[in-house]
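The values are calculated or read from the model by the stated rules, or taken from the named source; none is laboratory data. The shown structure was predicted, so the numbers you read here are calculated from the model rather than taken from an experiment. So basically every Cβ, Gly included, is an ideal-geometry build from the backbone, and we count neighbours across all protein chains shown. In case anyone asks, the SASA skips ligands and DNA or RNA and just uses the protein heavy atoms, side chains included. Shrake-Rupley method; radii C 1.70, N 1.55, O 1.52, S 1.80 Å.
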Amino acid sequence: MTDQPLLSRLDLNLLVALDALLTERSVTRAAERLHLSQPALSASLARLRTHFNDPILARRGNTYELTPLALRLTEHTTTALDAARRVFESQAIWTPHDSTREFSIYGSDYGFATIGKAVSRLAAQEAPGVRFRFMLHNPSIVDDALNRLRAADGMVIPHGHLTELPYMDLWRDGWVVVASESNDQVGDVLTMETLGLLSWVFTFQTRTAFTSAARQLQQLGIEPRVEAVVESFLALPHFIAGTDRLGLIQAGLSDYASSVPGIRVLQPPFDATPVVNALWWHPVHGRDPEHTWMRGLFEQAAAQVSEGPGALVERV
């Protein structure tokens, strides 16, 4: 109850002004972005400075810089503004065909190249005004998934990284090894000995960010010598072409990897544990009819992905 008098004195337009000021770092550019006069936005900045007891924008020579508080506010402001938009965009009766809602989804480039594109195509057929924003996640976003998913609609990521959130299993995929055609240390069939001798390119390598296949290598007694880490599955083959390195990618990307000049794809010499891809969301979206429709799109798209190319790709 103690927060309500403070909130009652605030104007939602101040949140919009703050977001523009933090993004543009200029009163003039922020005013142009919001189609407001410069004096009007200057007045908003004055109110924000009074509220936070902080300059927000500090002059440095001929430019402005964000204060330390403003830098901390940047991420919170974006999240709060997205949440506010969702509140006021909600409708008592919602029909997909007439909607102009934007759904925001976190995921990897692998997820976007597989189920993401299928979801986008289905949405274009069923709801031409609906837009999807596919945003690349990273370890810090995944570690903060509970907060991130308050403002975003979902995250496509395999099991093993998130807990205590609602989810829907989508499709199961296998793993393949990527090698260079010029790598004469790799024969037609890979051996465990070869995996231990050659260097590697990993897609993720932190305590909380990893692939199940890479973790399985260590469990099998192989400590990969990692020469490069790239947080992109689609970029990985380019770090291997023309080298003696190896890499692991999902079987669903086999055709893509094979299309990269100088790359060949081989089956791993061990029974790689399949990856189970899922869509995760915050409980706040559970009863949202628009979100329910979106989840249905992902279910349809998962069926399409499981019928596409790629060894071991199957519907969960």
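For segment 195-208, the set of residues classified as closer than 19 Å to Asp143 by Cα and open to solvent by 10 Å² or more (accessible area, probe 1.4 Å) consists of Phe204, Gln205, Thr206, Arg207, Thr208, listed by residue number. Suppose the filter is at pLDDT below 95, small (Gly, Ala, Ser), assigned to a helix (DSSP H, G or I) and at negative phi; does Ala209 pass it? Answer is no for this residue.
With respect to Arg150, is the statement that it is open to solvent by 10 Å² or more (accessible area, probe 1.4 Å), of a type in the set (Lys, Arg) and over 23 Å from Thr243 (Cβ atoms) true? Give the derivation first.
Numbers: open to solvent by 10 Å² or more (accessible area, probe 1.4 Å): yes; of a type in the set (Lys, Arg): yes; over 23 Å from Thr243 (Cβ atoms): yes.
Answer is yes for this residue.
Of all residues in segment 125-146, those satisfying the criterion of being surrounded by 13 or more Cβ atoms within 10 Å (Cβ to Cβ) and in a helix (DSSP H, G or I) are Glu126, Pro139, Ile141, Val142, Asp143, Ala145, Leu146. Tell me whether segment 159-179 contains one or more residues that are farther than 23 Å from Gly296 by Cβ, among the aromatic types (Phe, Trp, Tyr) and touching a residue at least 24 places away in the same chain (Cβ under 8 Å). Yes, segment 159-179 has at least one match. Applying the criterion of at least 2 residues that are acidic (Asp, Glu) and open to solvent by less than 30 Å² (accessible area, probe 1.4 Å) to the strands (runs of 3 or more DSSP E) found wholly in segment 216-289 leaves an empty list.
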